[in-house]
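Trainee: Have a look at the structure that comes next, please.
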Amino acid sequence: MFNLPQALKRLVIGRAMRSEELGGTLLPKRLALPIFASDPLSSVAYATQEILLVLTVGGTAFLYLTPWIALGVVVLMAVVVMSYRQVVHAYPSGGGSYEVVSTNLGDRAGLVVAASLLVDYVMTVAVSVASGVDNIISAFDGLAGYRVPLALGFVALLTAMNLRGVRESGTAFAVPTYLFIGGIVLMVGTGLIRLAFGDGPQASSAAYGIVPEDGRDTLAGLGLLLLGLRAFASGCTALTGVEAISNGVPAFRRPKSRNAATTLAVMGLAAVVMFSGITALALTSDVHYVDDACQLTGLPTDCADYVQPTVVAQLAAAVFGGYHSVLFYGIQAVTALVLVLAANTAFNGFPLLASILAQHRYLPAQLHSRGDRLAFSNGILALAVVAGGLLWLYDANVTSLIHLYILGVFTSFTLSQIGMVRHWNGVLRRGPDSAARAAARRSRVINAVGAVTTALVLVIVLITKFTQGAWLAVVAAILLWLMMRGIRRHYDAVAVELAVTDPQAESARPSRVHGIVLVSRLHKATLRALGYAEAFHPDALEAVTVAVEEDAVADLRAQWLEFDVRIPLKVLDSPYREITKPVVAYVRECRRTSPRDAVAVFIPEYVVGHWWEQLLHNQSALWLKSRLLFTPGVMVISVPWQLTSSGRAYRPSRRAPGSVRRGEPVLHGDHGRIGPPENS
């Protein structure tokens, strides 16, 4: 029978893949780069913009700080990339920062990293998609009113692509990523060449003045320092996603560690070149970008109606001849596309980390299993739901979302580098040969510098962004940490409770088995349940019905006698017309009467083919099961009857087992209360 949901599933994610096909999904470096590094590569599209956004609160007075802040970001990028190259060589199993910290600093510190990264992966999806939508609106400002639907649509598209599998998503995302790198390099190169020949491009916003916020244009001393640190913290968004490669080492082709380290180096070099070029071009072309458009003076329209083009959009228009040139639209297209696809870094990092945490019993076990396409489908769907909720809650606004960002990244950066220093200390204590000791010392220095640097940045980010919304990310990470600890305690408690301590006692059979078949009417489904229960040969067997309507009970008794059913029928009174309570009370009374006995309750159920039919059947059975399962010593057994709509109805060639002719005895036995029929 045609299954529409299954057909739609196959259309979206493709055919199911066998477990042994997992090796065919491993990635070469050319595909691993767009999959795992699209986030840090695309972050350069808004990192410079975020620096300018902070500095222009004082008008144009503090834009001279931009080159120094950008230099600090570049140095930090180099340090972090070199540090994580040590991680992929030392821990190639794919745990990344979580594995490093858990191994060297303990499980609790490892969970801090895990919680921080999970929160940051969610923010990566939200910020990347929102920024991509911003670039689309910069080219087509008529879409400004559809910001949230566009963002949610892109999340749904990314989810579908990733459910198809890592390799397929990499193939789809590789071309836009490489086009983005080429487009930015072309734009920066063209702009700097024009500048060298005295024809430097001028941004459209260069003609607008900036009104500083009250008192911000006279900042000095500590105030100026804090402003510069805040701008630096915002520029550090360029580093988000660097750790994803260390989490995804198992997805690389062999030699895994070397390929991952090479990909990290290429990613770092490309990101530094693009970020430096965009920043230099933004300064020389006098880009003015503010938090509130009403800070700008000389606008051609009312500030409330003015939509600021992004920094990249302004540069592309200045370099390539205006907002309607072909190359402008090309740059905007690939920038918007790669920003949306940058969320793919999180769609690979989040499910991998969640799978490892589930394997360690810190998250639900379902997150560890792979789906039809050998991707961690449950993790992908969980990420999509949470990120989509954030985009909807914050109206897909980059400025609002960015304050929740990067805190988790630098928490994991700092703790992982401290963990790596301890790792190299352990290596040196084990006394390797002189060459290995020299390499270990060199690596320890790199990681020590990384630890100190990222710790300073973490403090800066915490101070400058905490009151602007970063506290929400802190609270989310703390709640996630507590939840994971609770999940682990639950799994540990269950393992202890289920552990076998006395095999003989714990495998002992019950003294007797009391079988109960729940009956409402005497039809084929009931007769099958009675026959199935009898096949178990319980020590006692009875049918039980509830007297909700006296006429229905009378008809049932009459049929019972007419068909000569030899299994005793017990009728439970129900003055308040309830079904569940009388049955549960009777079953519990059976247990109290004979505590060493087991009670087996057989429930006939219909199997239907349509969801709406399920609403018409089995509701009483479902509620009964949910109550009986909490009663110790009671086994609940469903006996299905497939209706024709299920497509699997039983169609006997002559006569179905259990069908009844009038006057024919049925379902008789030779044990317990079940005696032979009088005429046998």
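The values are calculated or read from the model by the stated rules, or taken from the named source; none is laboratory data. Being a predicted model, the structure only gives us computed values, none of them experimental. All Cβ positions, glycine included, derive from the backbone under ideal geometry; neighbour counts span all protein chains shown.
Trainee: Pick out, from segment 480-586, the helices (runs of 4 or more DSSP H) lying fully within it that include 1 or more residues that are within 46 Å of the chain's Cα centre (by Cα).
Mentor: Working: elements: 503-506, 524-535, 550-562.
Filter on segment 480-586 gives 503-506, 524-535.
Trainee: Right, next: In the set ALA476, ALA470, ALA448, ALA495, which member is surrounded by 17 or more Cβ atoms within 10 Å (Cβ to Cβ) and modelled with pLDDT of 85 or more?
Mentor: Criteria check complete, one pass: ALA476.
Trainee: Would you confirm, using the coordinates I've provided, whether LEU522 is modelled with pLDDT of 90 or more, within 25 Å of PRO640 (Cβ to Cβ) and in the same structural domain as HIS617 (by TED's automatic domain parsing)? Before the answer, list the steps.
Mentor: Details: modelled with pLDDT of 90 or more: no; within 25 Å of PRO640 (Cβ to Cβ): yes; in the same structural domain as HIS617 (by TED's automatic domain parsing): yes.
Here the answer is no, as LEU522 does not meet what is asked.
Trainee: OK, next. Among (1) basic (Lys, Arg); (2) under 30 Å from VAL553 (Cβ atoms); (3) surrounded by 14 or more Cβ atoms within 10 Å (Cβ to Cβ), which single condition is ARG422 missing?
Mentor: (2)
Trainee: While we're looking at this one, here's another question. In segment 152-175, how many are modelled with pLDDT of 85 or more and more than 20 Å from the chain's Cα centre (by Cα)?
Mentor: Going through segment 152-175 one residue at a time, the tally reaches 0.
Trainee: Mind checking whether some residue in segment 374-390 is part of a helix (DSSP H, G or I) and within 19 Å of ALA32 (Cα to Cα)? Break it down stepwise before answering.
Mentor: To start, the set of residues in segment 374-390 that are part of a helix (DSSP H, G or I) comprises 377-390.
Going one step further and asking which of them are within 19 Å of ALA32 (Cα to Cα), we end up with 380.
Looking through segment 374-390, at least one residue is part of a helix (DSSP H, G or I) and within 19 Å of ALA32 (Cα to Cα).
Trainee: Which number in (1) at pLDDT 90 or above; (2) in contact with a Phe, Trp or Tyr (Cβ under 9 Å, 6 or more places away or on another chain) marks the one condition that VAL133 misses?
Mentor: (1) is the only condition that VAL133 fails.
Trainee: Suppose the filter is at pLDDT 85 or above, closer than 16 Å to PHE62 by Cα and in contact with a Leu (Cβ under 9 Å, 6 or more places away or on another chain); does GLY209 pass it?
Mentor: When the stated conditions are applied, GLY209 passes them.
Trainee: Kindly indicate whether any position in segment 215-236 is assigned by TED's automatic domain parsing to the domain that holds VAL80, among the polar types (S, T, N, Q) and farther than 18 Å from PHE410 by Cα.
Mentor: Taking segment 215-236 first, the residues assigned by TED's automatic domain parsing to the domain that holds VAL80 are 215-236.
Filter once more, keeping what is among the polar types (S, T, N, Q): 218, 234.
Checking which are farther than 18 Å from PHE410 by Cα leaves us with 218.
So far as segment 215-236 goes, yes, one or more of its residues are assigned by TED's automatic domain parsing to the domain that holds VAL80, among the polar types (S, T, N, Q) and farther than 18 Å from PHE410 by Cα.
Trainee: Also, quick follow-up: Would you call GLY379 without any contact (Cβ under 8 Å) to a residue 60 or more places away in the chain, in contact with a Leu (Cβ under 7 Å, 6 or more places away or on another chain) and on the phi < 0 side of the Ramachandran plot? So that I can check it myself, show each step before the final result.
Mentor: Numbers: without any contact (Cβ under 8 Å) to a residue 60 or more places away in the chain: yes; in contact with a Leu (Cβ under 7 Å, 6 or more places away or on another chain): yes; on the phi < 0 side of the Ramachandran plot: yes.
In short, yes.
Trainee: If I ask for residues that are among the charged types (D, E, K, R) and surrounded by fewer than 24 Cβ atoms within 10 Å (Cβ to Cβ), which ones from segment 100-139 would you list? Give the steps one after another, and end with the answer.
Mentor: If we filter segment 100-139 for residues that are among the charged types (D, E, K, R), which is where we start, we get 107-108, 120, 134.
Of everything in segment 100-139, those that are among the charged types (D, E, K, R) and surrounded by fewer than 24 Cβ atoms within 10 Å (Cβ to Cβ) turn out to be ASP107, ARG108.
Residue-by-condition table, conditions (1) free of Cβ contacts under 8 Å to residues at least 40 places away in the same chain; (2) of a type outside the set (Asp, Glu); (3) farther than 30 Å from THR190 by Cβ:
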{"position": "GLY223", "(1), (2), (3)": "yes, yes, yes"}
{"position": "SER234", "(1), (2), (3)": "no, yes, no"}
{"position": "GLU243", "(1), (2), (3)": "no, no, yes"}
{"position": "GLY268", "(1), (2), (3)": "no, yes, no"}
{"position": "VAL273", "(1), (2), (3)": "no, yes, no"}
{"position": "ALA282", "(1), (2), (3)": "no, yes, no"}
{"position": "SER285", "(1), (2), (3)": "no, yes, no"}
{"position": "ASP291", "(1), (2), (3)": "no, no, no"}
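Trainee: Further question: Restricting to segment 273-304, what's the tally of residues that are among the small types (Gly, Ala, Ser) and not in a helix (DSSP H, G or I)? I'd like the intermediate steps shown before the answer.
Mentor: Within segment 273-304, the first condition is being among the small types (Gly, Ala, Ser), and the residues that meet it are 276-277, 280, 282, 285, 293, 298, 304.
Those left that are additionally not in a helix (DSSP H, G or I): 285, 298.
Total meeting the criteria: 2.
Trainee: Here is a further query. Can you name the number of the only condition in (1) over 21 Å from PRO40 (Cα atoms); (2) within 35 Å of the chain's Cα centre (by Cα) that PHE413 fails?
Mentor: (1)
Trainee: Out of segment 78-92, which residues are surrounded by fewer than 24 Cβ atoms within 10 Å (Cβ to Cβ) and of a type in the set (A, V, I, L, M, F, W, C)?
Mentor: Within segment 78-92, ALA78, VAL79, VAL81, MET82, ALA90 meet the criteria.
Trainee: Related question: Determine which member of the set ALA336, ALA318 is in a helix (DSSP H, G or I), over 32 Å from the mean Cα position of the chain (by Cα) and of a type in the set (Gly, Ala, Ser).
Mentor: Details: ALA336 fails: over 32 Å from the mean Cα position of the chain (by Cα).
When all the criteria are applied, what remains is ALA318.
Trainee: Which is within 30 Å of HIS89 (Cα to Cα), at pLDDT below 90 and either touching a Leu at 6+ places or on another chain (Cβ under 9 Å) or of a type in the set (Val, Ile, Thr) (or both), of SER257, SER246, SER276?
Mentor: Numbers: SER257 fails: either touching a Leu at 6+ places or on another chain (Cβ under 9 Å) or of a type in the set (Val, Ile, Thr) (or both); SER276 fails: at pLDDT below 90.
Of SER257, SER246, SER276, the one residue that is within 30 Å of HIS89 (Cα to Cα), at pLDDT below 90 and either touching a Leu at 6+ places or on another chain (Cβ under 9 Å) or of a type in the set (Val, Ile, Thr) (or both) is SER246.
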